[in-house]
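Okay, structure first, notes after.
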Amino acid sequence: MTASAPTRATIVGAGGLGGPIALSLGAAGIELTIVDHDVVDATNLHRQIQFTAEHVGMPKATVLADAVVARGGRARGVVARWVPEDTDAHTQDADLIVDGSDNPATKFAVSDWAVANGRRCVIASALRYGGNVMGGAPGYACYRCLFEEPGEAPSCAQAGVLGPVVGAIGGVAAAIALGIAHDDRTYAGALLVFDDLRTLAEPRIVRFAARPGCAACTHAPISPYADGVRIAEGG
Ligand SMILES: [Zn+2]
């Protein structure tokens, strides 16, 4: 890890996506804050493999943080719904924020916060048999550039998601997050789309420029428009 690499990340959501994301980033030495308001539910255990039956009824954030610590990592759980108004208490010191929530409005709030505060971010969504992962960094297009409003983003109805798909998308999100944490910008300003993991098809990689008039990017401290319309590099 280079001296400039971030050592702190906030994980939003401790469920099927947040589990593999937190365990992977924690094992890589990144200090984690895991934010989730919910408790472990017996009907979700098939897609939240970081939990066991004895955790049912306990706060997801705390149990997942304990699992990271048990593997030698550093993590703390915050039992609350992540909202930007509370970030001073738990997210302000994060170099990177990773969304694995099942709430489209939260994904936009996480992306907007990252843009406004000049942080890196990864937004992950699982949808039935596939999903998508977006990488974000200061100076690149953001989640809102692509989807504009929560109604246009794919709904993340976890109830309809195949268990192994959530783990796979969470693993991809962790890999992208580790790259971005170590200043790899290959997937900054890009969306990886997995249409149906059962087919084992390669993801579609959608690279896009910052959208003129994007409500988040227009006020970004590091503008994605600075050198004209910038597009993602690499890949
Ligand atoms: Zn934007």
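The values are calculated or read from the model by the stated rules, or taken from the named source; none is laboratory data. Computed from a prediction, not measured in an experiment: that's the story for all the values here. Every residue, glycine among them, receives a Cβ derived from its backbone with ideal geometry; neighbour counts consider all protein chains shown. Side chains are part of the model used for accessible areas, which takes the heavy atoms of the whole protein and leaves out ligands, DNA and RNA. Shrake-Rupley method; radii C 1.70, N 1.55, O 1.52, S 1.80 Å.
General remarks:
- So residue 166, is it farther than 20 Å from residue 189 by Cα and either at pLDDT 95 or above or buried (at least 24 other Cβ atoms within 10 Å of the Cβ) (or both): yes
- Candidate set: segment 130-144, residues that are out of contact with any strand residue (DSSP E or B) (no Cβ under 6 Å at 6 or more places or on another chain) and open to solvent by 10 Å² or more (accessible area, probe 1.4 Å); chosen: the one farthest from residue 209 (Cα to Cα): 138
- Pairs with Cβ under 7 Å, 6+ apart, first in segment 215-235 and among the aromatic types (Phe, Trp, Tyr), second assigned to a loop (DSSP other than H, G, I, E, B) and modelled with pLDDT of 50 or more: 225/210
- Residue in segment 181-193 that is crowded, with 16+ Cβ neighbours inside 10 Å and closer than 20 Å to residue 87 by Cα present: yes
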